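We did not get these values from a lab; they are worked out from the coordinates using the rules stated. Since the structure is predicted, the reported quantities are computational estimates derived from the model, not experimental observations. Using ideal geometry, Cβ is built from the backbone for each residue, glycine included, and neighbour counts are taken over all protein chains shown.
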Amino acid sequence: MQLTNRSKQVSNKQMTLAEKMYLPEIVKGLIITMGHFFRKKPTIQYPEVKRYLGPVFRGHHVLKRDEQGRERCTACGLCAVACPAEAISMVAAERVKGEEKLYREEKYAAVYEINMLRCIFCGLCEEACPKQAVYLRHDRMVPVFTDREDIVYGKDKLVEKMDDRYVRNNPSVDATPTEPSLSRLAG
C-alpha cells in the first residue's frame with residue numbers, strides 16, 4: 001500500500017576512489033576560491049572614502065529651522081506619540097514678547113530630547129510632524145557613544161545650524177551608488 005506518490009527511489013551505488021577522497025569537491029572549492037581571489041575588492045578605504053548611504057537611509061536626527069532661522073517645531077507632540085520606542089520627550093512653552101525671531105509659532109518646544117538607545121530609526125516621527133520640523137538625515141550617521149551623557153540628544157545637538165542646513169536630495173534625479181546627486185530642493 002502506497003500513501004503518497006512523492007516517494008523517491010534511493011540508489012546505494014558505491015563511491016569511486018576519487019569520490020571517497022573528496023577530490024572532485026576539493027577541486028570545485030578551489031576553483032570558486034580562485035575566482036573570488038582575482039575579483040575587484042569590495043572594500044573601501046573608510047576614513048578617506050565614505051560610502052554613499054542612499055536617499056532612503058535614516059540616520060542623524062535634525063530639528064529644522066525656517067529661512068529666517070526660527071525653529072519650526074511647535075511642540076504638538078505628534079512625533080512623541082508616533083514613536084513606537086517612546087524615545088522622544090518634550091516640554092512645551094509659550095513664546096514671550098521679543099522671541100519672535102527665535103520661534104516660528106506661539107508655542108515651542110522648550111525641551112526636546114531623543115534617547116538614542118531607544119530610537120529604532122523608523123522615521124515615523126518624521127512622517128507625523130505637520131510642520132516638517134523633524135528629519136532623519138540620509139547623509140550622516142549617528143556618531144558612536146562614548147559616555148552615558150551622550151546618549152540623550154537635546155536641542156543643542158538636534159537643532160540645525162544655519163551654516164549647515166540640511167536639504168533632502170531631489171528624488172526625481174537618479175543617483176548612482178558611487179556618485180550621489182548634488183541637485184537639491186529649495187527650502
* Amide H of residue 107: which non-local residues (sequence gap of 5 or more, or other chain) have their own amide H closer than 5 Å, using H built in the peptide plane? -> 95
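For the chain, what's the relative contact order in percent, using C-alpha pairs closer than 8 Å and at least 6 residues apart? Could you put the intermediate results ahead of the total?
Numbers: 239 pairs, mean separation 45.3, N = 187.
In percent, rounded to a whole number, it is 24.
Treating the beta-carbon of each Lys and Arg as +1 and of each Asp and Glu as -1, no other charges, what is the dipole magnitude of the chain about its Cα centre, to the nearest 20 debye?
Working: 31 positive and 25 negative charges, 193 e Å.
My answer is approximately 920 debye.
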* **Estimated vicinal HN-Hα couplings, Hz - the range 27-40 in sequence order (Karplus 6.51, -1.76, 1.60; Gly, Pro = x)** => 5, 4, x, 5, 5, 5, 4, 5, x, 6, 5, 9, 7, 5
* To do: Using only C-alpha positions, report the orientation-averaged shadow area of the convex hull of the chain, nm², one decimal.
  => 22.2 nm²
* Asked: Within straight cross-link reach of residue 97, meaning Cα distance under 20 Å, which aspartates and glutamates are found once same-chain residues fewer than 8 apart are removed?
  -> 66, 71, 105, 106
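Where the only charges are on Cβ atoms (+1 Lys, Arg; -1 Asp, Glu), what is the dipole of the range 1-82 about its Cα centre, to the nearest 20 debye?
Dipole size: approximately 200 debye.
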* the chain - share of DSSP beta bridges that are antiparallel (%, nearest 5) -> 90 percent
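Test of understanding: ordering 46, 166, 52 by Cβ neighbours within 10 Å, fewest first, what list do you get? Display every interim value, and only then the final one.
Details: 46 8, 166 17, 52 14.
Starting with the residue having the fewest Cβ neighbours, the order is 46, 52, 166.
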* Asked: Which value in deg cm²/dmol, rounded to the nearest 500, describes the helix-derived mean residue ellipticity at 222 nm for the chain, given -39,500 (n - 2.57) per DSSP H run of n ≥ 4 and division by the residue count?
  -> -4500 deg cm²/dmol
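For the range 61-158, give the magnitude of the charge dipole about the Cα centre (Cβ charges: +1 Lys/Arg, -1 Asp/Glu; no others), in debye to the nearest 20.
Numbers: 16 positive and 17 negative charges, 35 e Å.
Roughly 160 debye for the range 61-158.
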* If you keep only loop residues by DSSP, which chymotrypsin sites (Phe, Trp or Tyr not before Pro) in the range 59-121 have at most 10 other Cβ atoms within 10 Å of their Cβ? -> none
* To do: Could you pull out every Cys in the chain that lacks a partner Cys with its beta carbon under 4.7 Å away?
  => 73, 76, 83, 119, 122, 129
* Along the charge dipole of the chain, Cβ charges K/R +1 and D/E -1, which of 31, 63, 14 sits furthest on the positive end? -> 14
